[in-house]
Amino acid sequence: MPLQNLPAGAQTPYYYYDTNLLDFTLDALQQAALPHGYRVHYAVKANANPVLLRHISHRGLGADCVSGNEITRALECGFAPSDIVYAGVGKTDSEIALALRHGIFCFNCESLPEIRVIHEIAAGMGTKARIALRINPNVDAHTHHYITTGIEENKFGIYLYDLEHVLTECLRMPHIELIGLHFHVGSQIIDMTVFRGLCLRATEILDKIKDHGIAFPYINFGGGLGIDYHEPDEHPVAPFKEYFDTFARFYHPTPHQQVHFELGRAVIAPCGSLIARVLYVKEGKKRKFAVLDAGMNDLLRPALYQAYHKIENLTSHLPEERYDVVGPICESADCFAKDVTLPGTQRGDLIAIRSCGAYAEAMASRYNLRDIAPAVYSE
Ligand code: LLP
């Protein structure tokens, strides 16, 4: 990443967002999705920064929310209620009421007990809730086990063996309008055969339900498209065309059926970097540690998922050496990368940790009573 793009003298650490790249990404996404008639909701959980959300709502995406606060934030940032879907295994009564008050497009529901509560609250408000059933399709996303969500033993979705019972129950509830099915099998998926498997499984499930005389106007395939964390400059935009073309090839909607997606990472990850300064270079017997002023509270992904992020020293031209790049927090897990090659690194050097637009600022904490890092924008 070119140093001259960064604001001179800004206090580190900070999240730097390239909004030109975001707009370019959104154009590429729409160009790949619109020819198929697909509708994309941005997964707000990936990054709920209001400046970025406004860019996304202006380009015509909907919002996929997982809390009442995300719904409120999405509305504040220009998303229409009719473009908001609401998912999550643990929706509270007050969050459900808020969503109903605003008349959001759809609740993606994860269990029968949840649907019963939505029904009761909708009845009390004299309204009807549009819902989709989130199906756990038992498709393995072959990604990190913390971000695999569509296999049978995890907490997400309605299990296939339970589906007919849940459908029958829903049809008995007058304040529930069952409009569709929802799937999401995991995150950071780069192997398109996983999505092909999801299409085939969804088709099987819908065929089975069709025999019961049920047709759905709405199918939502969730998110999960991955990005290239290793070569962010070679591949700054996710493979949207390959992704949507896979669905077009392997899933054939019924007439009038709308197909929706909920992408988070692929939309927002590439445009963000965490910018930090080197505080100290500490020499051990076998390795050198570059100690940054950013820590796992600013970017949790390496500590939690052993995730790789490309790290660059923006200010040094010295011969390369090998370093463990670590943060200041009192945990051994506060390490961004082990044994990586960087130009000779010294106190004061500026470091960019790339592809931090998704699940970095959104997962920031005040651990060690550290400040939440501010955001800086290219515009
Ligand atoms: N829809 C549902 C129902 C989801 O659970 C998720 C993400 C998405 C959409 C958006 O998925 P995406 O397109 O961003 O892959 N913190 C982890 C990722 C957790 C993903 C949770 N669910 C990470 O940093 O890798």
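The values are calculated or read from the model by the stated rules, or taken from the named source; none is laboratory data. For clarity, every value in this text was computed on a predicted model and none was experimentally measured. We place every Cβ from the backbone using ideal geometry, glycine too, and count neighbours over all the protein chains shown. Side chains are part of the model used for accessible areas, which takes the heavy atoms of the whole protein and leaves out ligands, DNA and RNA. Shrake-Rupley method; radii C 1.70, N 1.55, O 1.52, S 1.80 Å.
Couple of notes before you dig in:
- Residue count, the stretch 90-127 (criterion: touching a helix residue (DSSP H, G or I) at 6+ places or on another chain (Cβ under 7 Å), surrounded by 15 or more Cβ atoms within 10 Å (Cβ to Cβ) and not in a helix (DSSP H, G or I)): 5
- Counted residues, the stretch 355-379 - those being away from the ligand (no atom under 14 Å from the Cβ) and open to solvent by less than 20 Å² (accessible area, probe 1.4 Å): 1
- Matching residues in the stretch 278-303 - criterion: being within 16 Å of the ligand (Cβ to nearest atom), under 16 Å from Arg370 (Cα atoms) and either open to solvent by 20 Å² or more (accessible area, probe 1.4 Å) or not in a loop (DSSP other than H, G, I, E, B) (or both): Met296, Leu300
- Number of the condition not met by Glu321 [criteria: (1) assigned to a strand (DSSP E or B); (2) open to solvent by less than 30 Å² (accessible area, probe 1.4 Å)]: (2)
- Per-region count, the stretch 218-277, residues outside any helix (DSSP H, G or I) and within 16 Å of the ligand (Cβ to nearest atom): 29
- Filtered residues of the stretch 338-359 (kept if among the small types (Gly, Ala, Ser) and in a loop (DSSP other than H, G, I, E, B)): Gly344, Gly348, Ser355, Gly357, Ala358
- Whichever residue in the stretch 206-217 is closer than 25 Å to Val40 by Cα and assigned to a loop (DSSP other than H, G, I, E, B) and, among such residues, is most open to solvent (accessible area, probe 1.4 Å): Ala215
- Qualifying residue in the stretch 3-23 (condition: out of contact with any Phe, Trp or Tyr (no Cβ under 7 Å at 6 or more places or on another chain), under 28 Å from His252 (Cα atoms) and assigned by TED's automatic domain parsing to the domain that holds Glu120): no
- Sole residue being farther than 16 Å from Asp83 by Cα, part of a helix (DSSP H, G or I) and out of contact with any helix residue (DSSP H, G or I) (no Cβ under 9 Å at 6 or more places or on another chain), chosen from Leu21, Leu52: Leu21
- Out of Pro7, Pro81, Pro2, one residue alone is surrounded by fewer than 20 Cβ atoms within 10 Å (Cβ to Cβ) and at pLDDT 95 or above. It is Pro81.
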